[in-house]
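The values are calculated or read from the model by the stated rules, or taken from the named source; none is laboratory data. Remember, predicted model here, so these are calculated numbers, not experimental data. Glycine gets a Cβ as well: all are built from the backbone with ideal geometry, and neighbour counts include every protein chain shown. Side chains are part of the model used for accessible areas, which takes the heavy atoms of the whole protein and leaves out ligands, DNA and RNA. Shrake-Rupley method; radii C 1.70, N 1.55, O 1.52, S 1.80 Å.
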Amino acid sequence: MPDLLDDVTAAAGLTVFGAAAVADGVDARTATAGQLPEWSPDYDVVPRVTALRAELRAVGLDRVVLAGGGPSARAAEAITRTLGVPLTVLSGTDPHGVAAAVADRLQRTVVVLTSASSTSTPLATDSHRRAYLQAFEHHGIHDLGRRFVFVAVPGSPLATTALEMGAQLFLAQPGALSAFSLVPAGLAGADIGDLVEQAFALAEPPRQRSAPAGFALPSAGFTPALPAARSGGVAPAAPAAVSPAAAGAPGAAAAAGAAVGVPGAGAAVAPGAGPAAAAGGASTGFGGAAASAASEASAGSVAGRFGHPAVALGAALAAAVASGRDKLALAPDGSGIVGLGEWVAELLTAAGSRAVPVVLETPSSWGHEGPDVLSVTTGGALVPGVMPGGGIAPDLAVNGPLGAQLLAWEQALAIAGLVDAAGPPSAAAAGHATPAGFSAAGLNGFSWTADGAASQAGPGSQEGILRVLDVGLPPEVPAFVDGAVEVHRRAEPRGAAGATTLIGVLDEFARTVRPGGTLVVHAHLDRTADAAALALRTGLAGRVARAVTFAWGGAPVQPATGVGVGAGTSAAASIIQITGAVSVDMPVPGRPYTFGDLQAAEAADDRRTLLDRGLPLLHLHLTDRKAGIDQLLAALGG
C-alpha cells in the first residue's frame with residue numbers, strides 16, 4: 001500500500017494510484033496516442049434538460065423510465081445510483097420486467113427512448129415504445145408528445161419517430177457525458193451540470209472567455225499538448241480548473257476538486273459517505289509523502305512521463321493488456337461511487353475490446369487476483385488517512401469526482417487502444433496510434449458500419465432474432481432435469497464426462513475452461529425480480545481458478561465469448577446461458593409476437609451463434625425462476 005501512495009498522478013480532484021508500477025518500462029510515445037482524445041460538452045443539454053425537468057415536474061411527471069441499452073444506459077445508471085436518484089432502466093425484453101415497469105405509476109411517468117443506431121431502431125426499444133404507447137392510450141393519457149423524450153443520432157429512424165410523435169428530441173452522439181446519459185439522469189433529478197463541470201475541470205485549463213448564453217462552459221473543445229508524451233521531457237500534472245460561472249461560487253472548490261494533499265480544497269469523502277459527497281471532488285488528503293509524490297515531476301514517474309491522470313491510466317491499461325494481464329477486475333472501493341465498473345465493462349464489450357472486464361462485488365471478491373488479472377478499484381475522493389483500494393492493495397486505484405471519472409475512463413480506454421474515442425471502428429482506423437502488442441484492427445476481425453454496428457450478422461443481431469421469430473424455436477430436449485433446472489448440453493468442452501447432477505455438471509463445465517480463458521454467465525432473466533442470479537458469479541468464481549463474468553440478456557457479454565455486439569471469435573471463453581419460464585407474458589402491440597417470444601428468440605440466436613463458433617455452451621432453463629436460482633446458489637454453496 002505505501003507504494004500506491006508514492007505512485008500518484010492527480011488533477012482536478014481525480015487521482016490515479018499505481019500507474020507507474022503497472023506501466024513500468026512503457027514509453028509514452030509508443031504505448032499511447034501521445035495526447036488526450038478531444039472532448040467538448042454538449043452546451044445546450046444542461047439548460048434544456050433543466051427546463052424540461054421543471055416543465056414535467058410542474059404537471060406531475062416525476063418518474064423517469066429509460067428504455068435503452070449500451071454503455072450510455074449504464075452511465076446513466078451509474079450517475080443516478082451514485083447520486084441516489086431513482087431511475088427505472090429497461091434494457092431487456094423480459095416480459096415480467098417490462099410489465100412491472102409499465103404498471104408502475106403510469107400517470108406520473110415520462111419515457112426516455114435512446115438508440116445509437118443511424119440505420120434502425122433496436123427491437124427492444126421499439127417494443128418498449130409500443131408497450132408504453134398502448135398503456136398511455138388505454139388509461140386515457142393523450143399528451144403523448146410530452147410523455148416521450150427521444151435521444152438519437154441525427155438522421156436515424158428513432159429521430160424520425162420522435163418528430164412524427166411531436167416529442168422532445170435530443171440529437172447527439174453516444175457518450176457518458178452526452179445527451180444519451182445526461183438526459184435520462186438529469187430528468188430523473190441528477191445534477192448533471194455539476195458532472196459536466198467536474199469533467200471540464202479535468203479537461204480544460206481556465207479560459208479568460210465569457211461562456212455561451214445560459215451555460216457556464218467555454219465554446220472551445222480540448223486537444224491538449226502533453227510535452228512529456230511527445231518529447232520525452234517532463235510535464236507537470238494538469239491543474240485543476242473551474243469554469244467561469246463556477247469560479248468564486250459557493251462550493252466551487254468541491255465541484256472542481258483539488259490536487260492531492262491540499263487541505264480544505266473540497267469536502268473529503270470517506271467510505272460509506274453519502275452520494276452527493278461521493279460525486280463531488282475533494283482532496284485525496286494524504287499530505288506529506290503522497291502530496292510530494294504527486295507534485296514532483298521526477299523522471300521515471302508516471303506524473304513525469306504522462307502528465308495527466310487519463311494518460312497515466314491509459315498507459316497502465318495498455319501495458320497490462322499487452323503483457324497478458326487482459327482480465328480487468330473492476331471493483332467499487334466503498335467510497336460512494338456506484339456502477340462505474342458496469343459502465344466501463346460495457347464500454348469494453350460493446351467495442352469488441354481484447355480486454356476482458358470482470359465486475360466484482362467488492363475489492364476482495366473472488367476474481368481480484370491471478371497472473372492474468374489487473375485489479376482496479378474505483379471510488380470517490382478519499383479523506384486524509386483513508387487508503388485507496390477499499391481494504392486490498394490493488395494494482396490501480398482511481399478516486400475522484402464522478403464527472404471526472406467518466407471523462408477520464410473514456411479517454412484512458414481510447415489512449416490504451418481498447419476502445420476508440422468515438423466508438424468503433426478502432427483507434428488505429430481513426431488515426432490514433434496503436435500500442436505495441438495490439439491488433440491494428442482492434443476488433444478481432446469484425447468490420448463495422450458507420451454507426452458502429454457489426455456489419456456481419458452475429459449474436460443479438462436483429463436479423464438473427466427476426467429469423468427465429470419467423471421460423472420458431474428449434475425443438476429442445478434437456479439432457480436431464482434436476483429439480484427446477486433443465487440441463488441442456490449444447491457444446492461440451494474437452495474433458496466433460498457427462499455428469500448427471502446439477503452440481504456435477506456445473507463443476508465439470510467450470511473445470512474445463514482453458515488456462516487464460518473466461519467462464520461467462522449470461523442470464524436472460526429479469527434484472528430486478530431475478531437479481532439474486534448475480535450471486536452465481538461469486539459462487540462459480542470460488543470453485544474455478546478462472547475469470548468469471550456475468551451479464552444480463554440484452555447486454556453484450558465478453559468480446560471473447562462471441563456474444564453481443566462487437567464480439568470476437570476467440571474460443572477461450574465458455575458460456576453458461578440461463579433462461580427462465582415465463583409465467584405471465586405480454587404482447588408487443590402491433591407485432592405478431594410477445595415479449596416472451598422476443599426474449600426467447602434473443603437467447604436462441606445467441607445459442608446458434610455460439611454453436612456456430614464452436615464455443616463450449618451449457619444451457620440451463622429454469623422451470624421456476626426463484627426456485628431454480630435458489631437451487632443453483634445452494635449447489636454452489638451460496
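Just checking, how many residues over segment 508-533 are part of a helix (DSSP H, G or I), open to solvent by 10 Å² or more (accessible area, probe 1.4 Å) and at pLDDT 95 or above?
2
Surrounded by 21 or more Cβ atoms within 10 Å (Cβ to Cβ), part of a strand (DSSP E or B), among the aliphatic types (A, V, I, L, M) and in contact with a Leu (Cβ under 6 Å, 6 or more places away or on another chain), is that true of Val376? Working first, answer last.
Details: surrounded by 21 or more Cβ atoms within 10 Å (Cβ to Cβ): yes; part of a strand (DSSP E or B): yes; among the aliphatic types (A, V, I, L, M): yes; in contact with a Leu (Cβ under 6 Å, 6 or more places away or on another chain): yes.
Here the answer is yes, as Val376 does meet what is asked.
Is it true that Val505 is under 27 Å from Gly69 (Cβ atoms), in a helix (DSSP H, G or I), of a type outside the set (Gly, Ala, Ser) and at pLDDT 90 or above?
Numbers: under 27 Å from Gly69 (Cβ atoms): no; in a helix (DSSP H, G or I): yes; of a type outside the set (Gly, Ala, Ser): yes; at pLDDT 90 or above: yes.
Judged against the criteria, Val505 is not a match.
Quick one: which residue in Arg490, Arg514 is touching a residue at least 12 places away in the same chain (Cβ under 8 Å), more than 29 Å from the chain's Cα centre (by Cα) and within 25 Å of Ala572 (Cβ to Cβ)?
On the way: Arg514 fails: more than 29 Å from the chain's Cα centre (by Cα).
Step by step, each of Arg490, Arg514 is checked, and only Arg490 is touching a residue at least 12 places away in the same chain (Cβ under 8 Å), more than 29 Å from the chain's Cα centre (by Cα) and within 25 Å of Ala572 (Cβ to Cβ).
So how many residues does segment 331-346 have that are in contact with an Asp or Glu (Cβ under 8 Å, 6 or more places away or on another chain) and buried (at least 24 other Cβ atoms within 10 Å of the Cβ)? Can you show your working first?
First pass over segment 331-346, keeping only residues in contact with an Asp or Glu (Cβ under 8 Å, 6 or more places away or on another chain): 331, 339, 342-343.
The next check asks that each one be buried (at least 24 other Cβ atoms within 10 Å of the Cβ); those that pass are 331, 343.
The total comes to 2.
Here is a list of conditions, (1) touching a residue at least 40 places away in the same chain (Cβ under 8 Å); (2) part of a helix (DSSP H, G or I); (3) surrounded by fewer than 20 Cβ atoms within 10 Å (Cβ to Cβ), and Arg53 meets all of them except one; can you say which number that is?
Single failed check for Arg53: (3).
How many residues does segment 468-502 hold that are of a type outside the set (A, V, I, L, M), modelled with pLDDT under 90, touching a strand residue (DSSP E or B) at 6+ places or on another chain (Cβ under 9 Å) and part of a loop (DSSP other than H, G, I, E, B)?
So the first thing to find is which residues in segment 468-502 are of a type outside the set (A, V, I, L, M), and the list is 470, 472, 474-476, 478, 480, 482-483, 486, 488-490, 492-495, 498, 500-501.
If we keep only those that are modelled with pLDDT under 90 too, we end up with 474-476, 489-490, 492-495, 498, 500.
Keeping just the survivors that are touching a strand residue (DSSP E or B) at 6+ places or on another chain (Cβ under 9 Å) gives 476, 489-490, 492-493, 498, 500.
Then keep just the ones that are part of a loop (DSSP other than H, G, I, E, B); that gives 476, 492-493, 498, 500.
The total comes to 5.
Looking only at segment 109-132, which residues are in contact with a Pro (Cβ under 7 Å, 6 or more places away or on another chain) and either free of Cβ contacts under 8 Å to residues at least 24 places away in the same chain or closer than 26 Å to Gly189 by Cβ (or both)? Break it down stepwise before answering.
Let us first name the residues in segment 109-132 that are in contact with a Pro (Cβ under 7 Å, 6 or more places away or on another chain), namely 112, 115-116, 120-121, 130-131.
The answer is Val112, Ser115, Ala116, Ala131.
Grab the helices (runs of 4 or more DSSP H) fully contained in segment 99-170, keeping just those with 2 or more residues being exposed (fewer than 14 other Cβ atoms within 10 Å of the Cβ).
Details: elements: 123-138, 144-147, 157-165.
Those helices (runs of 4 or more DSSP H) span 123-138, 157-165.
Residues checked against (1) of a type in the set (S, T, N, Q); (2) surrounded by 24 or more Cβ atoms within 10 Å (Cβ to Cβ); (3) in a loop (DSSP other than H, G, I, E, B); (4) touching a strand residue (DSSP E or B) at 6+ places or on another chain (Cβ under 6 Å):
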| site | (1), (2), (3), (4) |
| --- | --- |
| Leu66 | no, yes, no, yes |
| Ser72 | yes, yes, no, no |
| Thr82 | yes, yes, no, no |
| Val85 | no, no, yes, no |
| Thr93 | yes, yes, yes, no |
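Would you say Thr82 is at pLDDT below 95 and not acidic (Asp, Glu)? It would help to see each step written out before you state the result.
Values: at pLDDT below 95: no; not acidic (Asp, Glu): yes.
It is false that Thr82 is at pLDDT below 95 and not acidic (Asp, Glu).
Out of (1) out of contact with any His (no Cβ under 7 Å at 6 or more places or on another chain); (2) without any contact (Cβ under 8 Å) to a residue 40 or more places away in the chain, the odd one out for Leu106 is which?
Status for Leu106: all satisfied but (1).
Can you name every residue in segment 374-386 that is within 19 Å of the chain's Cα centre (by Cα) and among the β-branched types (Val, Ile, Thr)?
Going residue by residue through segment 374-386, those that are within 19 Å of the chain's Cα centre (by Cα) are 374-380.
Of everything in segment 374-386, those that are within 19 Å of the chain's Cα centre (by Cα) and among the β-branched types (Val, Ile, Thr) turn out to be Val376, Thr377, Thr378.
List pairs: first in segment 77-103 and in contact (Cβ under 8 Å) with a residue 12 or more places away in the chain, second surrounded by fewer than 24 Cβ atoms within 10 Å (Cβ to Cβ) and hydroxyl-bearing (Ser, Thr, Tyr), Cβ under 8 Å, 6+ apart or cross-chain?
Within 8 Å, the pairs are Pro95/Thr594; His96/Ser583; Gly97/Thr528; Ala100/Thr528; Ala101/Thr88.
Working only within segment 379-399, note down all residues that are open to solvent by 20 Å² or more (accessible area, probe 1.4 Å) and among the polar types (S, T, N, Q). Give the derivation first.
Kept after step one, since they are open to solvent by 20 Å² or more (accessible area, probe 1.4 Å), are these residues of segment 379-399: 383-387, 390-393, 395.
If the condition is that a residue be open to solvent by 20 Å² or more (accessible area, probe 1.4 Å) and among the polar types (S, T, N, Q), then no residue fits.
Only one residue in Ala54, Ala58, Ala67, Ala101 is within 19 Å of the chain's Cα centre (by Cα) and within 22 Å of Gly189 (Cβ to Cβ), so which one is that?
Numbers: Ala54 fails: within 19 Å of the chain's Cα centre (by Cα); Ala58 fails: within 19 Å of the chain's Cα centre (by Cα); Ala101 fails: within 19 Å of the chain's Cα centre (by Cα).
Just a single option satisfies the conditions, and that option is Ala67.
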